[in-house]
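The structure appears right after this line, and notes come after that.
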Amino acid sequence: MLSRFFWLFLPQLSYAFFLWALLVVTLRVLGAGAAGDLALAFAVTAPLFLLGGLQLKSILVVDAERKRPVAAYARLYSLGGTVAFLMALALATVFYPNRALLILLIALFRF
């Protein structure tokens, strides 16, 4: 059980650390305006990819009996990510045309 917790917790911790480091580097190199744009891009894409991911990584790690094949999880995760990316594309071009490229890059990073 502890190894499953490790495989569930470590990737999320490293992802959060990477996002924090990206924000710090952006602040120091490009300034507060660019960090605000980056925060906007994360705020737009975060809910989309949280809904699109369906917590399938966590379910796959916890599924000890392998009730479903890994390929089924991968297909559903890819489908959810594709839908989230297309929704981010639509939101970026309609509501934030000046920052659409940054939002799409962050969406691609999350995908």
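Some observations on this one:
- Dividing the convex hull volume of the alpha-carbon atoms in the range 24-111 by its residue count gives 93 Å³ per residue.
- Projecting the Cα atoms of 16, 61, 95 onto the charge dipole of the chain (Cβ charges, centred on the Cα centre) puts 61 farthest toward the positive pole.
- Accessible surface ranking for 44, 94, 1.4 angstrom probe, highest first: 94, 44.
- Nearest 10 degrees, 0 to 90: helix 32-53 Cα axis against the chain principal axis: 30
- Residue 55 versus residue 96: modelled label distance in nm, points set 7 Å from Cα along the beta carbon direction: 2.6
- Using the Cβ-Cβ distance between residue 18 and residue 75 with R0 set to 30 Å, the FRET efficiency from 1/(1 + (r/R0)^6) comes to roughly 0.70.
- Counting only alpha carbon atoms, the long axis of helix 2-30 and the longest principal axis of the chain meet at about 10°.
- Entry comment: accessible area of the range 43-104 is 67 Å² per residue, from protein heavy atoms only and a probe of 1.4 Å.
- Available extension along the chain between residue 105 and residue 28 is 25.7 nm, counting 0.36 nm per residue and deducting the alpha carbon span.
The values are calculated or read from the model by the stated rules, or taken from the named source; none is laboratory data. Being a predicted model, the structure only gives us computed values, none of them experimental. Backbone-built Cβ (ideal geometry, glycine too); neighbour counts: all protein chains shown. Surface accessibility is based on the protein's heavy atoms, side chains included, excluding ligands, DNA and RNA. Shrake-Rupley method; radii C 1.70, N 1.55, O 1.52, S 1.80 Å.
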